[in-house]
Amino acid sequence: MSEKKLPPKVAKELTYTEKVWHTVGIVAIVAVLILIARVAFGVLLVALAGCLISVYFHGLGDVIQRKTKWKHRTAMLVSIIGSFIILGFLLWFMGSKIQVQVSELSDTLPQTIHNAKLKLAETPLGRKALEATSGGDSDKLFATASQFFSTTFGVLGNIYIILFLGIFFTASPSLYKDGLILLIPPDGKELTHKIIDRASNSLRGWLKGTMISMVLLAILLPIGLSLMGIPMALVLGLLAAILVIVPNFGSFIAMIPGVLLALTIDTNKAILVALFYIVIQTLVQNIVAPLIQKKMINMPPALTIIGQLVMGVLGGAMGIIMAMPAIVILMILADEMYVKRINPELRD
């Protein structure tokens, strides 16, 4: 006896009102997902910054362990406590002076820009430059620059959150690493181990070169600017050191306030200050840092800039600061999970 075939069900056509409500519901869900992703993205950036602090503590701890032959836990403890002692020592002796200079720079920046304009107007070339940059766009640029400088130092006030995350990650890294690997299917656990180890080595090389560049700029720039008679040299050097973590744009942005301050004194001195910035930053970032960042993967300049722009849109100032390590991690993920799979000759 053959089974009787039922006629196919005809889908009920939605009314116009139902279609409108469905569309509104989809748009609302997408908007909520975007808002959640935006908030979660900021949390991920903070977590990534905490991971970088942990990489720093582990790197310093490994150096201490090699030099002293202490146990790993003891070396890590000395790394963390020693770093905080050095940071507290610097803040104790230099914190008040830095705070005064930061406040002074933020307050005097608009007047400095105005004085620089007057100075430029005294020369034919300066007048042409002012004409080219006159208008509402330049005013927005100067306002953005002022906000950027104050925001850059304002971020330092909340740095303790990232430091505590770094301490937790340093205290028990296997807890978080093993927890992440538990979420991965069995056939992907080995690849996950490899990606984590490779990312850790690359970030360690980048962080080592970046920190040495910071120290050199924080020492050399204030000395040189002070000898040239530029005010607020200490905070200008600190600003340049902080902006090392922003490739391509950081060195140029750090040079702006120093050149503007020099321009209010003398045009020739402004040119001399600009040359000094370019020479020091070129030596430190293009010669010293690459010699240290041996384990760093090659980063195409165009890709780095695009990544910085995207990270800036998604995460604001924090996104720009964390753009380089995020790009490194994404490139390693793409290389291990896609490029090497379609190109077997590139596999280890």
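The number of residues in the stretch 292-312 that are in a helix (DSSP H, G or I), at pLDDT below 80 and of a type in the set (A, V, I, L, M) comes to 3.
When you look at ALA47, is it at pLDDT 70 or above, among the hydrophobic types (A, V, I, L, M, F, W, C), surrounded by 12 or more Cβ atoms within 10 Å (Cβ to Cβ) and more than 21 Å from ILE161 (Cβ to Cβ), yes or no? For ALA47, the condition - at pLDDT 70 or above, among the hydrophobic types (A, V, I, L, M, F, W, C), surrounded by 12 or more Cβ atoms within 10 Å (Cβ to Cβ) and more than 21 Å from ILE161 (Cβ to Cβ) - is not met. Among the residues making up the stretch 200-239, those that are within 23 Å of PHE93 (Cβ to Cβ), part of a helix (DSSP H, G or I) and not hydrophobic (A, V, I, L, M, F, W, C) are SER213, PRO222, GLY224, SER226, GLY237. Close contacts from the stretch 195-224, counting a first residue that is touching a residue at least 24 places away in the same chain (Cβ under 8 Å) and a second that is of a type in the set (S, T, N, Q) and assigned to a helix (DSSP H, G or I), with Cβ to Cβ under 6 Å and a gap of 6+ residues or different chains, come to SER213/GLN285. When the stretch 35-69 is filtered for residues that are aromatic (Phe, Trp, Tyr) and either free of Cβ contacts under 8 Å to residues at least 60 places away in the same chain or outside any helix (DSSP H, G or I) (or both), nothing remains. The combined condition, being in a helix (DSSP H, G or I), surrounded by fewer than 18 Cβ atoms within 10 Å (Cβ to Cβ) and modelled with pLDDT of 85 or more, is fulfilled by ASP197. Residues of the stretch 240-289 that are of a type in the set (Ser, Thr, Tyr), in a helix (DSSP H, G or I), more than 18 Å from the chain's Cα centre (by Cα) and crowded, with 18+ Cβ neighbours inside 10 Å: TYR277 alone.
The values are calculated or read from the model by the stated rules, or taken from the named source; none is laboratory data. Keep in mind that this is a model prediction, so the values were computed, not measured. Cβ sites come from the backbone with ideal geometry, for glycine too, and all protein chains shown count toward neighbours.
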